[in-house]
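Novice: The following block contains the structure, expressed as structure tokens.
The values are calculated or read from the model by the stated rules, or taken from the named source; none is laboratory data. Computed from a predicted model, the values in this text were never measured in an experiment. For neighbour counting, all protein chains shown are included, and Cβ atoms are generated from backbone atoms with ideal geometry for every residue, glycine included.
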Amino acid sequence: MAFAETTTSSRIATIGDYVELLKPRVMSLVVFTAVAGMMLAPGAIHPLVAFTAVLCIAIGAGASGALNMAYDADIDARMARTAQRPIPRGAISPSDAHAFGWTLAVGSVMVMGLFVNYAAAALLALTIAFYVFAYTLWLKRSTPQNIVIGGLAGALPPAIGWAAVSGSVALAPFVLVLIVFLWTPPHFWALALYRRDDYARAGVPMLPVVSGKATTRRQILLYAIATVIAGFLPAALGLAGALYLGVSAIGGAWFLNAAIAVLRDRDEKHEPAARRLFGVSILYLFAIFAALIVEQLAHVPPLV
Amino acid sequence: MAGNGNDEIGRQRRKRNLALGLGLGFLVVLFFVMTMVRLGGHVLD
């Protein structure tokens, strides 16, 4: 192992180092999509149970991030984007990150099972296990389809939120799961386009490294089209109303426009269109899930 | 300076211990309140 098992004598790991290990930005997106799933679910939930469910989903997502950093410390150290994460920079030892991550993972699932319900706990456990074992330990290092299949872990939180309220797993929240699942490839391949050399140096078989940038640009557009079509499903299936339809139409057009710009971009050195798509994709997902939440708060009736 | 280094480590350790203590205290309160919620409204009568 290339990393020190103990931290340096002049510094111990700070709270900020551990917070960084939880990938707070990813956590915020996970919580946001999970809350949308909770709000769409039929039935009522005690506010404190809802708070506990959101807390468990947030901690479970953070645990997944910590375990991802613990297992991927060798890759992170070789990439400019991730070399300053707590483990490669020597702030936290890999063994401490493992202990921290597994404690939070087991704790979040147990609390979800004890205080919310078993269906939500089982889905949370499945999500963490899929992210750690299927994506981090297997897919990421072995196939350019890594983020396509592995994206399921990041897509499941709306179903966890739904299960937390209803106590069961239904087909309806999987419409939201499908949107996040299809959204993940164009989002991460945009990043991989402008970080291609970074991934190549680390030996991670991302699509631009294995199949080239031209193929990646086409795949980005195909998945962006699929995402935007899936984005209309909540309105078409009676889960969302007019506000959502408007946001998904305008946001979808913006997202597609950014994906088309990536297809046409010839600036392989700076990849400005891919950088833009990365940001636009985040805003698109936030916008459509925010529309779902606002509609529920404002009691906007579904279209069908 | 070794003394300053030890002071800094001590300060960081105290901050971390305080955060850990607050986190554990929060969990104790959360578990208590959630137990009351799950058991129902009349359990404290």
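Novice: Residue by residue through segment B:1-17, note down the ones that are under 14 Å from the mean Cα position of the chain (by Cα) and more than 9 Å from chain A (Cβ to nearest Cβ). First the steps, then the outcome.
Specialist: Going through segment B:1-17, the residues under 14 Å from the mean Cα position of the chain (by Cα) turn out to be B:14-17.
Those that are under 14 Å from the mean Cα position of the chain (by Cα) and more than 9 Å from chain A (Cβ to nearest Cβ): B:ARG14, B:ASN17.
Novice: Still on this structure: What tally of residues in segment A:58-95 results from selecting those that are among the hydroxyl-bearing types (Ser, Thr, Tyr) and not in a loop (DSSP other than H, G, I, E, B)?
Specialist: Going through segment A:58-95 one residue at a time, the tally reaches 3.
Novice: Here are A:ALA153, A:ALA134: which of them is at pLDDT 95 or above and buried (at least 23 other Cβ atoms within 10 Å of the Cβ)?
Specialist: Exactly one of A:ALA153, A:ALA134 is at pLDDT 95 or above and buried (at least 23 other Cβ atoms within 10 Å of the Cβ), namely A:ALA153.
Novice: A follow-up question, please. What number of residues within segment A:136-154 satisfy the criterion of being touching a residue at least 40 places away in the same chain (Cβ under 8 Å) and within 23 Å of A:VAL54 (Cα to Cα)?
Specialist: 2
Novice: Next question. Could you tell me whether A:ALA105 is touching a residue at least 24 places away in the same chain (Cβ under 8 Å) and either more than 14 Å from every other protein chain (Cβ to nearest Cβ) or in contact with a strand residue (DSSP E or B) (Cβ under 7 Å, 6 or more places away or on another chain) (or both)?
Specialist: Answer is yes for this residue.
Novice: Residues in segment A:47-57: is at least one within 14 Å of chain B (Cβ to nearest Cβ), under 19 Å from the mean Cα position of the chain (by Cα), in a helix (DSSP H, G or I) and surrounded by fewer than 24 Cβ atoms within 10 Å (Cβ to Cβ)?
Specialist: Scanning segment A:47-57, I find at least one residue that is within 14 Å of chain B (Cβ to nearest Cβ), under 19 Å from the mean Cα position of the chain (by Cα), in a helix (DSSP H, G or I) and surrounded by fewer than 24 Cβ atoms within 10 Å (Cβ to Cβ), so the answer is yes.
Novice: Do we find a residue being more than 26 Å from B:GLU8 (Cα to Cα) and aliphatic (A, V, I, L, M) anywhere in segment A:18-27?
Specialist: yes
Novice: Would you call A:ILE59 more than 25 Å from A:GLU295 (Cβ to Cβ) and at pLDDT 95 or above?
Specialist: Yes, satisfied.
Novice: Further question: What number of residues within segment A:209-237 are basic (Lys, Arg) and farther than 13 Å from A:LEU263 by Cα?
Specialist: So the answer is 0.
Novice: Check A:LEU21 against each of (1) surrounded by 18 or more Cβ atoms within 10 Å (Cβ to Cβ); (2) more than 10 Å from chain B (Cβ to nearest Cβ); (3) modelled with pLDDT under 95 and name the one condition it does not meet.
Specialist: It fails just one condition, (3).
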